[in-house]
Amino acid sequence: MDDWQKLYKSAKKVQNYRILSPFIEVGGVAAAVLTQNGNIYTGICIDTASSLGMCAERNAIANMLTNGESEIRKVLAITSDGKASSPCGACREFMMQLSPNGGDIEILIDYESRKTVLLKDLTPDWWGADRYKQL
């Protein structure tokens, strides 16, 4: 089983769309991240009526950070139809800010063909690159 299959199965396992209240729906999107240490962390989206929710990718990253890791190798997010999805702008920005190597995170954008893209290709001319040069 390749890394993408492991990530897909991990995300699919936690994806459980449900309505929690008239204001909150969860699980429409699920994500999995593979760390530099080889661990997989998952998360689901939390959609709220007041935009206080959280994307599945950032939820998975929060899980990773809670467990003491901060370097991501690969990211996969799947929508309710099981298709891979590219991260939103907020998730892209968050991942870029995690480490100087953030741009090298590999993102799956099509599961069937295993088409990937690097985060730096989704965030060209990123505004924060100079701050990493100061380290």
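Coordinate-derived values only; no laboratory data. The structure presented is a predicted model; accordingly, all values stated were derived computationally and were not measured. Cβ placement follows ideal geometry from the backbone for every residue including glycine, while neighbour counts extend to all protein chains displayed.
Key figures for this structure:
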| quantity | calculated |
| --- | --- |
| Diffusion constant of segment 3-133 at 10 °C, which comes from Stokes-Einstein with the Kirkwood Cα-pair radius and 1.306 mPa s, µm²/s | 108 µm²/s |
| Beta bridge orientation in the chain: antiparallel %, DSSP, nearest 5 | 90 percent |
| Max mean-square fluctuation residue, GNM over the chain, Cα-Cα springs under 10 Å, options Asn63, Asn101, Asn37 | Asn37 |
| Rounded to 10°, Cα long-axis angle of helix 56-66 versus longest principal axis of the chain | 70 degrees |
| Relative contact order (%) - criterion: Cα under 8 Å, at least six apart; region: segment 1-87 | 28 percent |
| Ranked packing of 17-26, 49-58, 1-10, most packed first, by mean Cβ within 10 Å | 49-58, 1-10, 17-26 |
| Only Lys, Arg (+1) and Asp, Glu (-1) charged, at Cβ; the chain dipole about Cα centre in debye | 260 debye |
| Helix-only CD estimate at 222 nm, as mean residue ellipticity for the chain, using -39500 (n - 2.57) per DSSP H run (n ≥ 4) | -8500 deg cm²/dmol |
